[in-house]
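I have placed the structure first, in the form of structure tokens, so that the comments after it can refer back to it.
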């Protein structure tokens with residue numbers, strides 16, 4: 001799936017597509033409650049209220065850059081709390097190549113944050129060692145996020161993620177640290193959106209009078225637009241994440257900004273009483 005924002009092309013490459021089974025991350029989003037949000041179906045949930053969530057990368061191609069935004073779970077990883085996320089063997093890189101983006105063609109990797117499902121393909125296992133997957137790319141991280149996790153904070157699982165998916169690219173000298181409001185390119189600017197993680201950022205796209213927003217995990221599902229207080233179990237600061245949702249969505253609601261979620265497909269954001277709804281495209 002591909003979308004355009006001015007001269008910027010955004011291509012989705014999915015690693016895992018899921019329907020339901022999301023209670024572990026959004027416990028308040030029961031099937032019954034999601035059925036009450038009529039606009040979720042069919043794009044963001046089915047008629048039974050089961051949410052559609054995707055673990056994916058977004059390839060953002062500007063006139064001068066090829067950027068992978070978020071790198072999913074990755075193959076051969078261990079120490080993940082979700083059993084099915086351990087020791088994956090998917091053809092993700094082949095699918096990326098088939099979409100026209102072989103790893104060697106990527107010049108930038110950017111992670112909206114450093115959770116397990118956003119950094120995995122930063123590295124791959126070669127001869128028993130974790131090595132950078134995108135050997136010709138600079139890996140760009142928001143400094144607040146990088147500093148927090150590299151200081152040893154977080155769960156045992158999170159430190160496993162840092163050890164196998166972040167530290168090897170730093171050791172290879174491929175990491176660039178930037179402020180949380182950094183301008184990545186002429187078209188792409190970071191927006192600090194802390195709460196889900198201590199240094200989480202969105203990416204604001206502006207090109208030829210058009211706008212888009214890669215919202216990362218400000219919301220895992222559009223159901224959190226209808227219920228801003230439905231914070232995820234993995235949010236580092238649930239109250240801050242709820243405030244961030246209101247701030248970010250208030251900024252872009254009722255504008256022609258294409259909202260592309262970290263785990264859901266795009267739409268246009270509309271105010272809906274004291275909350276919001278996403279109109280699928």
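The values are calculated or read from the model by the stated rules, or taken from the named source; none is laboratory data. Note that the structure is a prediction, hence the values are computed from the model and not measured. Neighbour counts run over all protein chains shown; Cβ positions are idealised from the backbone, glycine included.
Filtered by the rule that a residue be over 19 Å from the mean Cα position of the chain (by Cα) and farther than 26 Å from residue 212 by Cβ, segment 60-80 gives 76, 78, 79. Count of segment 4-57 residues, restricted to those that are surrounded by fewer than 20 Cβ atoms within 10 Å (Cβ to Cβ) and more than 16 Å from the chain's Cα centre (by Cα), is 27.
Remark: pairs (first residue in segment 56-71, touching a residue at least 12 places away in the same chain (Cβ under 8 Å) and on the phi > 0 side of the Ramachandran plot; second residue part of a loop (DSSP other than H, G, I, E, B) and buried (at least 18 other Cβ atoms within 10 Å of the Cβ); Cβ separation under 8 Å; 6+ apart in sequence or on different chains) = 70/111; 70/112; 70/262. Residues in segment 205-254 that are under 20 Å from residue 184 (Cα atoms) and out of contact with any strand residue (DSSP E or B) (no Cβ under 9 Å at 6 or more places or on another chain): 209 only.
When the helices (runs of 4 or more DSSP H) confined to segment 73-187 are screened for residues that are over 29 Å from residue 22 (Cα atoms), in contact (Cβ under 8 Å) with a residue 40 or more places away in the chain and in contact with a helix residue (DSSP H, G or I) (Cβ under 8 Å, 6 or more places away or on another chain), those reaching at least 1 such residues are found at 167-171. From the list 126, 161, 116, 166, which residue is within 19 Å of residue 88 (Cα to Cα), surrounded by fewer than 16 Cβ atoms within 10 Å (Cβ to Cβ) and either at pLDDT 95 or above or touching a strand residue (DSSP E or B) at 6+ places or on another chain (Cβ under 9 Å) (or both)? Of the residues listed, the single one that is within 19 Å of residue 88 (Cα to Cα), surrounded by fewer than 16 Cβ atoms within 10 Å (Cβ to Cβ) and either at pLDDT 95 or above or touching a strand residue (DSSP E or B) at 6+ places or on another chain (Cβ under 9 Å) (or both) is 126. Here residue 87 meets the list (1) under 13 Å from residue 57 (Cα atoms); (2) more than 19 Å from the chain's Cα centre (by Cα) almost entirely, failing just condition (1).
Listed by first and then second residue, the pairs linking a residue in segment 17-31 that is at negative phi and without any contact (Cβ under 8 Å) to a residue 60 or more places away in the chain to a residue that is surrounded by 13 or more Cβ atoms within 10 Å (Cβ to Cβ) and in a strand (DSSP E or B), with Cβ atoms under 6 Å apart and 6 or more places separating them unless they lie on different chains, are 17/54; 18/53; 19/52. Residue 138 fulfils the conditions (1) surrounded by 13 or more Cβ atoms within 10 Å (Cβ to Cβ); (2) within 30 Å of residue 227 (Cβ to Cβ) except for a single criterion, (2). Among the residues making up segment 185-219, those that are surrounded by 24 or more Cβ atoms within 10 Å (Cβ to Cβ), within 14 Å of the chain's Cα centre (by Cα) and over 22 Å from residue 148 (Cα atoms) are 213, 214.
Quick check on residue 267: is it modelled with pLDDT of 95 or more, out of contact with any helix residue (DSSP H, G or I) (no Cβ under 9 Å at 6 or more places or on another chain) and farther than 27 Å from residue 50 by Cα? Lay out the reasoning, then the answer.
On the way: modelled with pLDDT of 95 or more: yes; out of contact with any helix residue (DSSP H, G or I) (no Cβ under 9 Å at 6 or more places or on another chain): yes; farther than 27 Å from residue 50 by Cα: no.
No, not satisfied.
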